[in-house]
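One structure is given here, and the rest of the page talks about it.
Bear in mind that the values in this text are calculations on the coordinates, not laboratory data. None of these values were measured; they are calculated from a predicted model. Methodologically, a virtual Cβ is constructed for each residue, glycine included, from the backbone with ideal geometry; neighbour enumeration extends over all protein chains shown.
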Amino acid sequence: MKRIVVTGGAGFIGSNFVRYTLNTYPEVHVVNVDKLTYAGNLDNLKDLDASRHTFVQADIADAEAMAKAMEGCDAVVNFAADSHVDRSIMEASDFIATNVRGVHNILEAAKAQGTKRVLLVSTDEVYGSIAEGSFRETDPVGPRNPYSASKAGGELLGLSYFHTFGIPVIITRGSNTYGPYQYPEKVLPLFVTNAIDNEPLPLYGDGKNVRDWLFVEDHCRGVDHALRHGTPGEIYNIAGENERENIALTTKILECVGKDDSLIRPVKDRPGHDRRYSIDSTKLKALGWEPQMDWETGVALTVKWYQENEWWWRKIKTGEFLEYYKRQYADRGSA
Ligand code: NAD
Ligand code: DAU
């Protein structure tokens, strides 16, 4: 693979993936297609080697622009998405446009151009909540919020293009990802940056919902591994194997920042809040991938990154972010 199109490469995981790819494969040129929504940020790409990285500002929901960007590529890896569950609960139409219609455009361009690999980055959320045990790739999907439903829609279209047209589609389903460059609407960077500023940490419900935490570089290696070693038509779970209740994550963050529990503010729960996510990645492990970061070290590293990179997040936590924050949290009160 010499020319890889990465969509959503100015976002959190996408930018880490572009960096990982350029550092790992000296022969690869990345074409990075990103609309630059509120979550896209060219600051995430500042340190990249410009001679092997072309940035194209375009919308994956624009069929013509997407087909043009994919001309001559060997593979496309789709990270572009509207990705925040709470925003999908407020208003879901952008989620459908990008996560379903946008994926359709990528599949159509791949079909017209004979692209050798189409990797659709998806999420463990498509399975829904599980009380005990862990989901395998053979389990049915059961998404329970508009975000995860739109991701499942994109996946199903992808699989249909594999079965109907033989398009070499591979799907990955990753767990909750954390690390540098994550937009501070997601729980971990939100709580870290609020704690630094002595602002309350709005913990939903009883704080006992469980998420599986996957360090961003482990996620990027997993996507890359599936791209290079996976079989078309197959789905691969990418688990962090670090399941924690939200309250445990919250107290760990406070410990790392050096603040006490009085900053925790229990607030009204997220509607339809999935109780527990858990996936089994035996299938990807059999191909030679495994997560490397242990949770304590990963959280400490991430907190340190936010402490040392205020230049990155302080300008984000203004304007659009503050408007969103007010809408999202103003009426939540205490649980
Ligand atoms: P993010 O919100 O940080 O970044 C999304 C990027 O996509 C942004 O740069 C944005 O500008 C771009 N984008 C949005 N709509 C677009 C469009 N129509 N056309 C082109 N670009 C567009 O998201 P993330 O957390 O980095 O997630 C990346 C992918 O990984 C998503 O597909 C998400 O569903 C999946 N995922 C995320 C997690 C997680 O915990 N963050 C876990 C599993 C899977
Ligand atoms: O599981 C993978 C998914 O993880 C990805 O597909 C999504 O793109 C990503 O956003 C993430 O979804 P979650 O909804 O799990 O992430 P979020 O950071 O929004 O919330 C994590 C947990 O923390 C969840 O149980 C809700 C809770 N939470 C979240 C926020 C923003 C709070 O208690 N308070 C908050 O303010």
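Quick notes on this structure:
- Pairs exceeding 24 Å between alpha-carbon atoms, taken from 111/151; 268/317; 116/283; 151/252; 2/186: 151/252; 2/186.
- Relative contact order of the range 140-263, pairs being alpha-carbon contacts under 8 Å that are 6 or more residues apart, as %: 33 percent
- Here the 3J(HN,Hα) profile of the range 122-137, calculated from phi with Karplus coefficients 6.51, -1.76 and 1.60 at θ = phi - 60°, is 10, 9, 5, 5, 5, 6, x, 8, 9, 6, 9, x, 9, 6, 9, 5 Hz, Gly and Pro shown as x.
- Paramagnetic reach from residue 3 in the range 59-73 [backbone N under 15 Å; point 7 Å along Cα→Cβ]: 66-73
- Gaussian network model of the chain, springs between alpha carbon atoms under 10 Å - residue of 308, 217, 108 with greatest fluctuation: 308
- Placed amide H near residue 236: partners under 5 Å, 5+ positions off or other chain: 171, 172, 173
- When the chain is treated as a Gaussian network with alpha carbon springs shorter than 10 Å, the biggest mean-square fluctuation among 230, 72, 11 belongs to 72.
- Averaging 1/r over each pair of different alpha-carbon atoms in the chain and inverting the result gives 20.1 Å, the Kirkwood hydrodynamic radius.
- When exposed loop sites are taken as trypsin sites (Lys or Arg not before Pro) in a DSSP loop with at most 14 other Cβ atoms within 10 Å, the longest stretch of the chain clear of them is 137-207.
- Residue with peak Gaussian network fluctuation, the chain [Cα springs, cutoff 10 Å], from 261, 86, 280: 261
- Amide H to amide H distances under 5 Å link residue 243 with 213, where only residues 5 or more positions off or on other chains count and H is placed in the peptide plane.
- For the range 1-91, the list of chymotrypsin sites (Phe, Trp or Tyr not before Pro) that fall in a loop by DSSP and count at most 14 other C-beta atoms within 10 angstrom is empty.
- Fewest neighbouring Cβ atoms within 10 Å first, the residues 316, 253 line up as 316, 253.
- Diffusion constant of the range 139-225 at 37 °C, which comes from Stokes-Einstein with the Kirkwood Cα-pair radius and 0.692 mPa s, µm²/s: 207 µm²/s
- Extension gain, residue 165 to residue 323: 0.36 nm times the residue separation minus the Cα-Cα distance gives 52.5 nm.
- Put in order of Cβ neighbour count within 10 Å, fewest first, the listed residues 42, 284, 156 become 42, 156, 284.
- Distance (nanometres) between label positions extended 7 Å along Cα→Cβ at residue 251 and residue 90: 3.2 nm
- Sparse-neighbourhood loop sites, GluC sites (Glu not before Pro) in the range 1-101 - DSSP loop, at most 14 other Cβ within 10 angstrom: 27, 71, 91
- For the range 110-142, the set of GluC sites (Glu not before Pro) satisfying both a DSSP loop assignment and a count of at most 12 other C-beta atoms within 10 Å is given as 132.
- Calculated from the alpha-carbon coordinates, the range 183-240 shows an Rg and a Dmax of 16.2, 48 Å respectively.
- Simple Cβ-charge dipole of the range 36-94, Lys/Arg +1 and Asp/Glu -1, about Cα centre, in debye nearest 20: 160 debye
- Taken about its Cα centre, the chain carries a charge dipole of roughly 360 debye when the Cβ of each Lys and Arg holds +1 and the Cβ of each Asp and Glu holds -1.
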